[in-house]
Amino acid sequence: MNILVTGSAGFIGFFVTQALLKQGHTVIGIDNLNDYYDVSLKHARLEFLNQFCEEHDCQKHYQFIEMDVADRETMKSLFADNIFDRVIHLAAQAGVRYSIENPHAYVDSNLIGFVNVLEGCRQQQTAHLVYASSSSVYGMNSKIPFSTEDRVDYPISLYAATKKSNELMAHTYSHLYNIPTTGLRFFTVYGPWGRPDMAYFSFTQKIIKGETIDVFNHGQMERDFTYIDDIVEGIIRVMDNIPKKQSSEFSNAEAPYKIYNIGNNQPITLERFINAIENAVGKKAARNNLPMQAGDVPRTYADVSELMADIDFKPATEIEVGIKNFVDWYLS
């Protein structure tokens, strides 16, 4: 198949692109290579993909284009010049805390960019659009585990609000234009080649250097950490599980539309998380306990029963295994 991967120089996009190429698909990857975090890491991922294609003789099946999804004209041209069997939309301005400092970046990438992708899919009636949502949409929900049937009307960060907006816009296009769309609510993705702004990356870096780590909410937090390989497996399986037109118990509006959680279904305490890094590094952390940050939540916990029912898959990588893999990559 001919597949578009947006955000292909990003953490998840990089691994998804590699997995698709391994399966023999043709991939066009786009990314604007912004400087939200060190651009050299994005260039290193792209270089790795180029080397992978040389080693596996798949240069003809892979093309990278530096492009911003928020640029309406270039996105329009991209869809006019190519026919995509699948679109995997992973490009977004990431980060909960950064959305407080720089809201316009989220509007441009996550809202305008998403409309441009939807319009491209509408132009050519793409067979399936799979896009990244986020566990952040659940906000301060008190009911656990978080289910896709739960109301998510009370986001506590602009980032979360843009991701919820993506789900609403996708439903509209699915209903109006019969475009199958699947949104994936990712739960704290981690692993090798990951984002430097994530806690596991900065904690590892600081522990190795002997610097103090900031532990928010005095360590009273839990996260449903999901290893990158599990995320990629979920995306690849969902890609060919095209939703059928259906309505919901809340509305008669029929649409080929679906939302899934992709999480480990096993919340990990911040203490266990830090211990896993300490054990992998072989060094204890100096800690600075701080109160909860604005826009953050104390716990995430994914209900993945629908994912298991529809694609027979459930993330299962233990935190100690995933963190060791990350630390080994980091040290190398």
#### Entry: Pair list, Cβ < 7 Å and 6+ apart or interchain, from the stretch 57-76 residues that are farther than 17 Å from ASN32 by Cα to residues that are open to solvent by 30 Å² or more (accessible area, probe 1.4 Å)
HIS61/THR26
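Against the condition acidic (Asp, Glu) and closer than 23 Å to ARG195 by Cα, how does GLU211 come out, does it pass? Spell out the reasoning first.
On the way: acidic (Asp, Glu): yes; closer than 23 Å to ARG195 by Cα: yes.
When the stated conditions are applied, GLU211 passes them.
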#### Entry: Residues within the stretch 226-278 that are open to solvent by 30 Å² or more (accessible area, probe 1.4 Å), closer than 30 Å to GLY194 by Cβ and polar (S, T, N, Q), tallied
5
### Message
Please count how many residues of the stretch 31-47 are surrounded by 13 or more Cβ atoms within 10 Å (Cβ to Cβ) and either at pLDDT 95 or above or in contact with a Ser or Thr (Cβ under 7 Å, 6 or more places away or on another chain) (or both).
### Response
8
### Message
Which of the numbered conditions does VAL87 fail, given that it passes all the others? Conditions: (1) in a loop (DSSP other than H, G, I, E, B); (2) in contact with a Ser or Thr (Cβ under 6 Å, 6 or more places away or on another chain).
### Response
(1)
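Quick one: in the stretch 202-211, which of the residues that are surrounded by fewer than 17 Cβ atoms within 10 Å (Cβ to Cβ) and touching a residue at least 60 places away in the same chain (Cβ under 8 Å) is farthest from GLN93 (Cα to Cα)? Reasoning before the result, please.
The first filter runs over the stretch 202-211 and keeps only residues surrounded by fewer than 17 Cβ atoms within 10 Å (Cβ to Cβ), leaving 202, 205-206, 208-211.
Remaining after also requiring touching a residue at least 60 places away in the same chain (Cβ under 8 Å): 205-206, 208, 210-211.
Numbers: GLN205: 23, LYS206: 25, ILE208: 29, GLY210: 31, GLU211: 28 Å.
Step by step, filter the stretch 202-211, then rank; the result is GLY210.
For every residue, the table says whether it meets (1) open to solvent by 80 Å² or more (accessible area, probe 1.4 Å); (2) more than 26 Å from VAL137 (Cβ to Cβ); (3) small (Gly, Ala, Ser); (4) modelled with pLDDT of 95 or more.
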| site | (1), (2), (3), (4) |
| --- | --- |
| ALA70 | no, no, yes, yes |
| ASP81 | yes, yes, no, yes |
| HIS89 | no, no, no, yes |
| ASN102 | no, no, no, no |
### Query
Restricting attention to the stretch 117-128, and to residues there that are buried (at least 16 other Cβ atoms within 10 Å of the Cβ) and out of contact with any Lys or Arg (no Cβ under 8 Å at 6 or more places or on another chain), which single residue is farthest from GLY13 (Cα to Cα)?
ARG122
### Query
Is it fair to say ASN325 is in contact with a Pro (Cβ under 8 Å, 6 or more places away or on another chain), modelled with pLDDT under 95 and open to solvent by 20 Å² or more (accessible area, probe 1.4 Å)?
no
### Message
Can you confirm whether ASP328 is touching a helix residue (DSSP H, G or I) at 6+ places or on another chain (Cβ under 9 Å), under 20 Å from ASN241 (Cβ atoms) and either of a type in the set (Val, Ile, Thr) or in a helix (DSSP H, G or I) (or both)?
### Response
no
### Filter result (open to solvent by 10 Å² or more (accessible area, probe 1.4 Å) and hydrophobic (A, V, I, L, M, F, W, C)) within the stretch 133-169
MET140, ILE144, ILE156, LEU158, ALA161, LEU168, MET169
### Query
Does any residue in the stretch 246-272 that is assigned to a helix (DSSP H, G or I) come within less than 6 Å, Cβ to Cβ, of a residue that is among the aliphatic types (A, V, I, L, M) and crowded, with 19+ Cβ neighbours inside 10 Å six or more places away or on a different chain, and which pairs are these?
LEU270/MET221
### Message
Can you pull out every residue in the stretch 275-300 that is modelled with pLDDT of 90 or more and either under 18 Å from the mean Cα position of the chain (by Cα) or under 21 Å from ASP230 (Cα atoms) (or both)?
### Response
ALA276, ILE277, ALA280
### Residue count, the stretch 212-225 (criterion: touching an Asp or Glu at 6+ places or on another chain (Cβ under 9 Å) and either open to solvent by 60 Å² or more (accessible area, probe 1.4 Å) or closer than 18 Å to VAL304 by Cα (or both))
0
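The values are calculated or read from the model by the stated rules, or taken from the named source; none is laboratory data. Given the structure is predicted, the values throughout are model-derived calculations rather than measurements. Here the Cβ is made from the backbone with ideal geometry for all residues, glycine too, and neighbour counts use every protein chain on show. Heavy atoms of the whole protein, side chains included, go into the accessibility calculation; ligands, DNA and RNA do not. Shrake-Rupley method; radii C 1.70, N 1.55, O 1.52, S 1.80 Å.
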